[in-house]
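Nothing in this text is a laboratory measurement; each read-out follows from the coordinates by a stated rule. All values reported here derive from a predicted model rather than from experimental measurement. Cβ atoms come from the backbone with ideal geometry, glycine included; neighbour counts cover every protein chain shown.
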């Protein structure tokens, strides 16, 4: 744009001055070109520096971003580690609570089992006591029945013994009465026999006396057998009556 303006101005100058103007213009243009080149170079260098600075800034920002990301990652890792530690602690606490609950459950089950066993033992002891009481009651009933039967047997034996003694006493009384009756019969028979012997003797004496008066002496006849003992002749009527009793 500046070159176009300069060319338009040169065309308006006289010819004699055209060469100077052109040379001046050329120098100016060259200087301008050099300045522009220097400026362009400076701009380019500035741009390159800016690019480098931008790249450095980008690198810095990237490094910062990387550091930030690393810090965030580290923070996330730390938080994750803390969360994992918290979860692990929570899981450990839950496991501890679960273990404590399991221990309490087992302790409750053991206590319930022992209570059930104690209740079973108590029920068994009560059942044994009941059976023992029933057995004792049955034993006492049986013992009472045995004692009653023994008392009845003893009473029966005592009654039998009393009856036997009464029978023996009655038998003894009967035998005594029979003995007394026998003695009385024997005494009566003895007396009758003596009376008979007396009469026979008296009759013999009378016959002898009569024979002496009327007949000569003769051989004495044998005397008839006399009953001297009450039991010598069982054919006597009195003894036959006694034997029937």
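Annotations for the structure displayed:
- Burial ranking of peptide ranges 184-195, 104-115 (average Cβ count within 10 Å, highest at the top): 184-195, 104-115
- If the chain linking residue 68 and residue 55 were pulled fully straight, counting 0.36 nm for each residue of separation and taking away their Cα-Cα distance, it would gain 2.9 nm.
- Once both labels are positioned 7 Å from their Cα atoms along Cα-to-Cβ, the gap between residue 81 and residue 112 label points is 4.7 nm.
- Estimated translational D of the stretch 34-84 in µm²/s (Stokes, Kirkwood radius over Cα pairs; 25 °C; 0.890 mPa s): 183 µm²/s
- Theoretical gain in end-to-end length, residue 172 to residue 19 [0.36 nm per residue, Cα-Cα removed]: 33.8 nm
- Computed FRET value (nearest 0.05) for residue 209 with residue 187, which takes r as the C-beta separation and R₀ as 51 Å: 0.95
- Prolate is the label for the stretch 47-119, because a/c, from the alpha-carbon gyration tensor with a ≥ b ≥ c as root eigenvalues, is 1.5 or above and a/b exceeds b/c.
- Taking max minus min of the alpha-carbon positions on each principal axis, the stretch 123-188 gives extents of 92, 7, 5 Å, largest first.
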